[in-house]
Amino acid sequence: MIVSYIEAVKMAIREEMERDPKVFVLGEDVGKKGGVFKATEGLYEQFGEQRVLDTPLTESAIAGVAIGAAMYGFRPIGEIQFADFIMPAVNQIISEAARIRYRSNNDWQCPVVIRAPYGGGVHGGLYHSQSVEAIFANQPGLKIVMPSTPYDVKGLLKAAIRDDDPVLFFEHKKAYRLIKGEVPTDDYVLPIGKADVKREGEDITVITYGLNVHFALQAAEKLAEDGISVHLLDLRTVYPLDQEGIIEAAQKTGKVLLITEDNKEGSIISEVAAIISEYCLYDLDAPIMRLAGPDVPAMPFAPPMEKYFMMNPEKIEKAMRELAEY
Amino acid sequence: MIVSYIEAVKMAIREEMERDPKVFVLGEDVGKKGGVFKATEGLYEQFGEQRVLDTPLTESAIAGVAIGAAMYGFRPIGEIQFADFIMPAVNQIISEAARIRYRSNNDWQCPVVIRAPYGGGVHGGLYHSQSVEAIFANQPGLKIVMPSTPYDVKGLLKAAIRDDDPVLFFEHKKAYRLIKGEVPTDDYVLPIGKADVKREGEDITVITYGLNVHFALQAAEKLAEDGISVHLLDLRTVYPLDQEGIIEAAQKTGKVLLITEDNKEGSIISEVAAIISEYCLYDLDAPIMRLAGPDVPAMPFAPPMEKYFMMNPEKIEKAMRELAEY
Amino acid sequence: MEHRHEKLGLSDETLLEMYEKMLLTRRLDERLWLLNRSGKIPFVISGQGQEGAQIGAAFALDRTKDYCLPYYRDLGVVLAFGMTARDVMLASFGKAEDPNSGGKQMPNHFSQRKNRIVTGSSPVTTQVLHAVGFALAAKMEKKDFVSFVTLGEGSSNQGDFHEGLNFAGVHQLPVIIMVENNKYAISVPLSKQLAGGSVAKRAEGYGIPGVTVDGNDVLEVYRVVKEAADRARRGEGPTLIEAMTNRFTAHSSDDDDRAYRDRKEVEDAKKKDPLLLLETYLKDVGILDEKKTEEISKKITDIVNDATDYAEKAPYPKPEDALKYVYKE
Amino acid sequence: MEHRHEKLGLSDETLLEMYEKMLLTRRLDERLWLLNRSGKIPFVISGQGQEGAQIGAAFALDRTKDYCLPYYRDLGVVLAFGMTARDVMLASFGKAEDPNSGGKQMPNHFSQRKNRIVTGSSPVTTQVLHAVGFALAAKMEKKDFVSFVTLGEGSSNQGDFHEGLNFAGVHQLPVIIMVENNKYAISVPLSKQLAGGSVAKRAEGYGIPGVTVDGNDVLEVYRVVKEAADRARRGEGPTLIEAMTNRFTAHSSDDDDRAYRDRKEVEDAKKKDPLLLLETYLKDVGILDEKKTEEISKKITDIVNDATDYAEKAPYPKPEDALKYVYKE
Ligand SMILES: Cc1ncc(C[n+]2csc(CCOP(=O)(O)OP(=O)(O)O)c2C)c(N)n1
Ligand SMILES: Cc1ncc(C[n+]2csc(CCOP(=O)(O)OP(=O)(O)O)c2C)c(N)n1
Ligand SMILES: [Mg+2]
Ligand SMILES: [Mg+2]
């Protein structure tokens, strides 16, 4: 059936909670209110307040308590209301969740999922628009998933919940209602750690993730009208990256455009560029091109400045054409 | 005069405190004990307990109180006892310090310095050995300085203290007593944001920072014996990076080896690689080579595993030779 | 009829001024909702119901030298500290001239250095530590200003609250921490938020005074904040104040509180509207009559209209202004 | 002579076992210092002076089902929970067989799942929230185990402490938080660390019981932890316990405490050595005599010798073991 991105989130959580009594949700306003974005709507009624736990306003506790419960044997899904507010939980996520299996030499594990809506274009200003993945994308022990389609959301969130290691699951908040797509009603999981070709093409390769996959698809349609064919790789898991998938996609066309909504310096696509320049330098017919937000602290509120920062199909189309003509 | 790396830290702080009454130090054990590494030794006696403030065991407060005092007009130097323990302060550093000028449209500023010893090779295990710079190296508004020599330490720490924006100043703890060098007794500052050529050479370019500068210099000597000449760029400021300096150094030889002690994926050298592959792909005669720690959560304690993780001159020499022969 | 304000050393004029500010706060806030509902501004977050605490507190401070670190509902505090209605409207429209952030931040992220209103962010509670930093500065410079910081009761459960109170307590710093307890953190009620049920009681654990006050009673709030400020200036350290208030609106324009809050509860709360209570008091003691009330009302309406018009017409920032002021320029 | 242990329901045998564990804790710890000073192990961090609190608490728990989340000084706790002297030595030497971390972590980062000793890190206080998570699990599964977590008084000023107590208080979870107050956080004394001077007092602010106990008195610690555990199992929620102890050694083998601590203070503290106090009690009530004391002493020496030899000879991990167990394999 056709559902929205946020519906897919809810479907995945509900199905997993029905399947496994060890799965529960905790976070701010996830209970009666059903989450500020309604990702947990109806779950409180269905599963009761013990399994859909409204927490105090404390992100470190959301993560830390979830970690404890996960070590015991539960499969907690912590919701951080906005990705921007994950910062107080960084210590619990990096120092604890990411290191528990390693530091205990496999004696303990921490199967926790932390979900958070990220991204801009919603008049959210500096602190309700951020992309925060790069902060965590150098912490072995963590996995970071950032799906683009409802289909991927459901399959990857289920995989994350069943994963025996901690997973950060970032959902683009502008995609929540904007993006709709076919989602099977039955049970399926998708592999964490594998990128996905969202469009086959011959002339240029675009690598991106999240909402930009859709913007890039739109731009690719435009280029197709002019006979330029775009190969589009959706990273899906941004940490650890799917090196093989990236290398293959880069080699396919020899011209690579990397896109992120995040600030440019030190972003996910920096590592993608590094991988390509390490493993397939001689396959390249053009310098690796990076299209990203400007290096300013975060997306401003006023519409002209927000638009200036935010990625969109036009900016992508322009970059694609530039690269194609190189 | 010849002083150790840690002596240079102390000199810089003392001279700045003498020069400007607005400069003060706060942190755990910085007072009577003079810091666990003795970076503030003698300052408590010289300046009194108000300006060399022992704080409660609370990193978020060290950063947050420093930020408040800095907005008022002070120039606080916060010490985080080990870089590993900066995690509870991430929210204050990223959400606050880094965004204060921008979000107030230049009305407020936050001239705070946060110092922390980082790095391994000291039997510190997972939580007393980490390189944490990558966590912060995608946050515009912040500057991250990681000096290699006592001379650079003094000049850059003074610059950091006088800088009107927040600076993270990471000092390699193994360098503290190991590395000695000439340091002028008079007042000087070095430019934040500029990389520094530590050795001129023609055959291969090595780009690194911190303790690895010394390991690379040692390795370069070995190669020199065989007539291979190494160009060595010390990044000094790892965020925001000195793009010009990097491009120039890469172009100089066309063969680039990037080194960090940090885990590889998502590290500082990923961004360096991305810059090079964006701006000087056609100057390259070999794929960009990255030498880094393995992608495991952090450096283990047991000597064989620590050695396996830790960078050293031998590993660097091997990589250099490989690249030179490419 | 007892003249409570005189006992507190408040003149009739000052009390009227407090009333005017409170009315301005309310009216401006109401206008913001209208603008939001008509699609002119994307977001409102509102202090309606909490103005008694805000105005009482702000007037108890020395607004020529004290620093305030308000949270997003503190429209009353910042107006009392010198921010104008135009400034507020400029921010809500995201216009270039907005003194809070030049259009960079969402509305109600107050900041204005000339009025010693310290810039705030969205992650809650961080400002408590900044306030402690300002208070530390006062102590180091031996100056007698105080720093005044507010937050919600939900936010008081964040780690930074604990670290801030402890730090301020250890060094006996001149900081006043006022929690505006409106009994909800978005949808989460007090019982699921705050173990023990009282924020003020937590002060004891830090060896500092903790005071609970009826936030609807502007004079009572004035009294306890004044006492706290006097104590702070005398070097006797921090005070934690818990002002019991009500949130008349939904959490913000993005929220619908009917899902989690009984209408009756809101109606009951409105019976204790701090604005009405003050108006009644002013009439009872003969400071306000019908004529004066109307006069003030008209004046406030004019101010709100002017601010709206001005801000609506004001230019947006330029797109490339997004690049400005990352570092010192 | 009052037989206090009997009143507490402790048999002579159990009390003797407590004594043996306490003595083992002390002797093992002393041996670690010797090994450090002779260059054989790089680091020691020590619980000497705090064993009374540790052994008293651990024996008050149900060591067949409760979970413990110890901090780095809790050698006594983990030995009581089933870790062996060999296990401890293997960790101190960083050997492959070390059950705590396989040589990955520094010594005293205790972990052993089979004994429900939950893995800990170096950043202090994070374990408080984990303990709350275990307690939440107990409540959700309606099981009657409790989780027991310890930390230092300095660490109790971290945000996570506040968040943990509040969370546990809101949900009335079966967790016991014991702060071992040895009056120093490395060099920082209580007066500069802890506003208000008492950790236990902070419990009130969360609506939970806060108890101060003499940590040198193993029986008294046993009593209060037993009470807390009983309460927790009855569904009556968390307890905060502050055990007043002393740190006999420097902070760690990397510290020299003469720079900040008067020798007299340490000497005075040693007069209240929990080990001596228990030994005296045992002799007073006739459970221990010279012969038995020597017998036990010899047994302990053998255990410590064996552990040292075993660990010293045990193989290191392989270099590439550094790559193992980042993710599930
Ligand atoms: C660290 C952080 N987490 C979550 C949020 C999202 N959020 C904004 S306001 C709010 C509720 C605040 O409640 P309270 O502190 O009681 O203040 P009130 O809004 O009731 O005045 C939440 C959860 C945030 N701003 N910051
Ligand atoms: C978050 C964090 N900051 C700093 C440190 C460094 N450190 C290790 S122990 C310690 C003092 C702890 O004092 P306390 O909590 O009183 O425990 P004690 O060592 O006295 O038993 C410090 C500052 C740390 N381990 N973690
Ligand atoms: Mg509230
Ligand atoms: Mg202590």
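No lab work stands behind these numbers, since they all come straight from the coordinates. Keep in mind it's a predicted model, so treat the numbers as computed, not measured. Don't worry about glycine lacking a Cβ; one is built from the backbone with ideal geometry, like all the others, and counts go over all protein chains shown.
Structure data summary
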quantity	calculated
Per-region count, segment C:223-277, residues acidic (Asp, Glu), under 19 Å from the mean Cα position of the chain (by Cα) and more than 14 Å from C:Lys183 (Cβ to Cβ)	2
Total residues in segment C:42-59, condition touching a strand residue (DSSP E or B) at 6+ places or on another chain (Cβ under 9 Å) and either surrounded by fewer than 24 Cβ atoms within 10 Å (Cβ to Cβ) or part of a loop (DSSP other than H, G, I, E, B) (or both)	2
Checking A:Phe24 against (1) of a type outside the set (S, T, N, Q); (2) within 14 Å of chain C (Cβ to nearest Cβ); (3) buried (at least 21 other Cβ atoms within 10 Å of the Cβ), the condition it does not meet	(2)
Residues of segment B:101-117 that turn out to be within 13 Å of chain A (Cβ to nearest Cβ) and either closer than 19 Å to B:Pro191 by Cβ or in contact (Cβ under 8 Å) with a residue 60 or more places away in the chain (or both), as a count	1
Flag for A:Gly120 being under 15 Å from C:Ser187 (Cβ atoms), in contact (Cβ under 8 Å) with a residue 40 or more places away in the chain and either surrounded by 24 or more Cβ atoms within 10 Å (Cβ to Cβ) or within 16 Å of ligand 4 (Cβ to nearest atom) (or both)	no
Sole residue being polar (S, T, N, Q) and closer than 23 Å to D:His171 by Cα, chosen from C:Asn182, C:Asn216	C:Asn182
Residue check for D:Ala138: away from chain C (no Cβ under 14 Å), in contact with a Phe, Trp or Tyr (Cβ under 7 Å, 6 or more places away or on another chain), not polar (S, T, N, Q) and not in a loop (DSSP other than H, G, I, E, B)	yes
Elements of type helices (runs of 4 or more DSSP H) in segment A:241-326, at least 3 residues being under 30 Å from C:Phe93 (Cβ atoms)	A:303-309, A:313-325
Among the residues listed as B:Glu265, B:Glu261, B:Glu244, the single one being free of Cβ contacts under 8 Å to residues at least 60 places away in the same chain and touching a helix residue (DSSP H, G or I) at 6+ places or on another chain (Cβ under 9 Å)	B:Glu265
Check on C:Ala243, within 30 Å of A:Lys33 (Cα to Cα) and within 14 Å of chain A (Cβ to nearest Cβ)	no
Among residues of segment D:59-76, those that are hydrophobic (A, V, I, L, M, F, W, C), more than 16 Å from ligand 4 (Cβ to nearest atom) and away from every other protein chain (no Cβ under 14 Å), counted	3
So C:Thr249, is it farther than 19 Å from C:Glu153 by Cα and among the β-branched types (Val, Ile, Thr)	no
Subset of segment A:74-100 [facing another protein chain (nearest Cβ under 7 Å) and of a type in the set (A, V, I, L, M, F, W, C)]	A:Phe74, A:Phe85, A:Met87, A:Val90, A:Ile94, A:Ala98, A:Ile100
Unique match (being within 12 Å of ligand 1 (Cβ to nearest atom) and either buried (at least 24 other Cβ atoms within 10 Å of the Cβ) or of a type in the set (Gly, Ala, Ser) (or both)) among C:Gly154, C:Gly164	C:Gly154
Those residues of segment D:178-196 which are within 22 Å of the chain's Cα centre (by Cα) and at the interface with chain C (Cβ under 8 Å from one of its Cβ atoms), in sequence order	D:Gln193, D:Leu194
Qualifying residue in segment D:237-258 (condition: more than 16 Å from ligand 2 (Cβ to nearest atom), surrounded by fewer than 17 Cβ atoms within 10 Å (Cβ to Cβ) and not aliphatic (A, V, I, L, M))	yes
Whichever residue in segment A:271-316 is away from chain C (no Cβ under 14 Å) and in contact with a Phe, Trp or Tyr (Cβ under 9 Å, 6 or more places away or on another chain) and, among such residues, is nearest to A:Val238 (Cα to Cα)	A:Glu271
Candidates A:Leu217, A:Leu233, filtered to the one that is away from chain B (no Cβ under 13 Å) and part of a helix (DSSP H, G or I)	A:Leu217
Only one of C:Lys114, C:Lys95 that is more than 27 Å from C:Gly154 (Cβ to Cβ), assigned to a helix (DSSP H, G or I), within 12 Å of chain B (Cβ to nearest Cβ) and not aromatic (Phe, Trp, Tyr)	C:Lys114
Filter pass, D:Val88 being away from ligand 1 (no atom under 16 Å from the Cβ), more than 10 Å from chain A (Cβ to nearest Cβ) and crowded, with 24+ Cβ neighbours inside 10 Å	yes
Selection count where residues are within 16 Å of ligand 2 (Cβ to nearest atom) and either under 18 Å from the mean Cα position of the chain (by Cα) or over 30 Å from D:Gly94 (Cβ atoms) (or both), scope segment A:65-97	6
Single residue of segment B:49-64 satisfying the filter (of a type in the set (A, V, I, L, M) and away from ligand 4 (no atom under 16 Å from the Cβ)) that is nearest to the chain's Cα centre (by Cα)	B:Ala63
Residue match in segment A:150-157 (condition: in contact with a helix residue (DSSP H, G or I) (Cβ under 7 Å, 6 or more places away or on another chain), assigned to a loop (DSSP other than H, G, I, E, B), touching a residue at least 12 places away in the same chain (Cβ under 8 Å) and not aromatic (Phe, Trp, Tyr))	no
Selection within segment D:174-222 - more than 10 Å from ligand 2 (Cβ to nearest atom), crowded, with 20+ Cβ neighbours inside 10 Å and of a type in the set (D, E, K, R)	D:Arg202, D:Asp217
Among the residues listed as C:Val149, C:Val175, C:Val170, the single one being aliphatic (A, V, I, L, M), within 9 Å of chain D (Cβ to nearest Cβ) and more than 8 Å from ligand 1 (Cβ to nearest atom)	C:Val170
First in segment C:164-188 and free of Cβ contacts under 8 Å to residues at least 60 places away in the same chain, second anywhere and aromatic (Phe, Trp, Tyr) and crowded, with 24+ Cβ neighbours inside 10 Å, Cβ under 8 Å, 6 or more apart	C:Asn166/C:Tyr206
Failed item, numbered, when A:Tyr5 is tested on (1) buried (at least 24 other Cβ atoms within 10 Å of the Cβ); (2) within 12 Å of another protein chain (Cβ to nearest Cβ); (3) touching a strand residue (DSSP E or B) at 6+ places or on another chain (Cβ under 8 Å); (4) over 14 Å from A:Val113 (Cα atoms)	(2)
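Residue by residue, here is whether (1) surrounded by 24 or more Cβ atoms within 10 Å (Cβ to Cβ); (2) of a type outside the set (A, V, I, L, M); (3) over 23 Å from B:Glu133 (Cβ atoms); (4) more than 16 Å from ligand 3 (Cβ to nearest atom) holds:
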{"residue": "A:Glu96", "(1), (2), (3), (4)": "yes, yes, no, yes"}
{"residue": "A:Arg103", "(1), (2), (3), (4)": "yes, yes, no, yes"}
{"residue": "A:Gly124", "(1), (2), (3), (4)": "yes, yes, yes, yes"}
{"residue": "A:Ala134", "(1), (2), (3), (4)": "yes, no, no, yes"}
